[in-house]
Amino acid sequence: QKEVEQNSGPLSVPEGAIASLNCTYSDRGSQSFFWYRQYSGKSPELIMSIYSNGDKEDGRFTAQLNKASQYVSLLIRDSQPSDSATYLCAGTGTASKLTFGTGTRLQVTL
Amino acid sequence: ETGVTQSPTHLIKTRGQQVTLRCSSQSGHNTVSWYQQALGQGPQFIFQYYREEENGRGNFPPRFSGLQFPNYSSELNVNALELDDSALYLCASSFEAQPQHFGDGTRLSIL
């Protein structure tokens, strides 16, 4: 069983819609969670971090964490074509090593 | 604020050779982590250095080794290169356990 699981997609949403990206994890010791955006051929870029249960909003992005269900999600409101990328979910335990999922490819269509 | 920089950008090697990849951490960061990202996969943790000491290692063989220098820059060395070592090698830096920020990566191709 992979430690962090994501649907590889592609997830296709029309411009202006809400994109919902999901992630589950198996290590109950994981404390912190991160969403990285990775454009094709580029390196991952941190877009959200979340440490406690509930929602965290930053502009058009909302991260949600439910430690009881071992579930993390990212909502992107008013999706733009520039949001088309692979979104990587990652968690850390006490050792600060990031454990990544395989990523979900998002396509925002015109 | 200077971000994480990695060199070289691209590298082509043959099986059995050795390679050294370099990383300069972001200003103010004292922790450097290295990841390997194969095509279509998420990054896999290789190891982390904190204040010049190895601070955790992933499931990689001993031919993957590293260093961190007093200025917190770091090197990743890979000996006896294999075809499966072809990947994007990412360096990430952070201050203590704060979120990690990645450099642009080194794309290594093994022929």
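Taking a quarter of the surface of the Cα convex hull of segment A:1-95 gives a mean projected area of 6.4 nm². Starting from the Cα of A:LYS97, draw a straight line to each of the aspartates and glutamates and keep only those under 20 Å, dropping any in the same chain fewer than 8 residues away. Filter leaves A:GLU3, A:GLU5, A:ASP27, A:GLU45, B:GLU52, B:GLU53, B:GLU54, B:GLU75, B:GLU96, B:ASP104.
Dipole orientation for chain A: of the candidates A:THR109, A:GLY91, A:VAL72, A:GLY91 has the Cα lying most toward the positive pole (charges on Cβ; Lys, Arg +1; Asp, Glu -1).
Packing-based ranking of A:13-19, B:86-92 yields B:86-92, A:13-19, ordered from highest to lowest mean Cβ neighbour count within 10 Å. Taking amide H positions as modeled 1.01 Å from N, with prolines and chain starts lacking one, the residues under 5 Å from B:PHE95 and 5 or more places away or on another chain are B:ASN30. Once the mean of 1/r is taken over each pair of separate Cα atoms and inverted, chain B shows a Kirkwood hydrodynamic radius of 13.8 Å.
Taking the Cα centre of chain A as origin, work out the dipole magnitude from +1 charges on Lys and Arg Cβ and -1 charges on Asp and Glu Cβ, in debye rounded to 20.
Using only the charged Cβ atoms, the result is roughly 220 debye.
Each other residue within a Cβ distance under 11 Å of B:LEU67 adds +1 if Lys or Arg and -1 if Asp or Glu, for a net charge of -3.
Each 10 Å bin from 0 upward holds the following percent of the Cα-Cα pairs of the protein assembly as shown: 8, 33, 35, 19, 4, 0.
The apolar share of the surface of chain B, taken as the fraction of accessible area on carbon and sulfur atoms (1.4 Å probe, ligands and nucleic acids excluded), comes to 47 percent. Dipole magnitude for the protein assembly as shown: about 320 debye, using +1 per Lys or Arg Cβ and -1 per Asp or Glu Cβ, origin at the Cα centre.
In the context of the full set of protein chains, residues of the protein assembly as shown present 48 Å² of accessible surface per residue (probe radius 1.4 Å, heavy atoms only).
The values are calculated or read from the model by the stated rules, or taken from the named source; none is laboratory data. Treat the numbers as computed from the prediction; the structure is a model and nothing was measured. Cβ sites come from the backbone with ideal geometry, for glycine too, and all protein chains shown count toward neighbours. Only protein heavy atoms, including side chains, enter the accessible area calculation; ligands, DNA and RNA are left aside. Shrake-Rupley method; radii C 1.70, N 1.55, O 1.52, S 1.80 Å.
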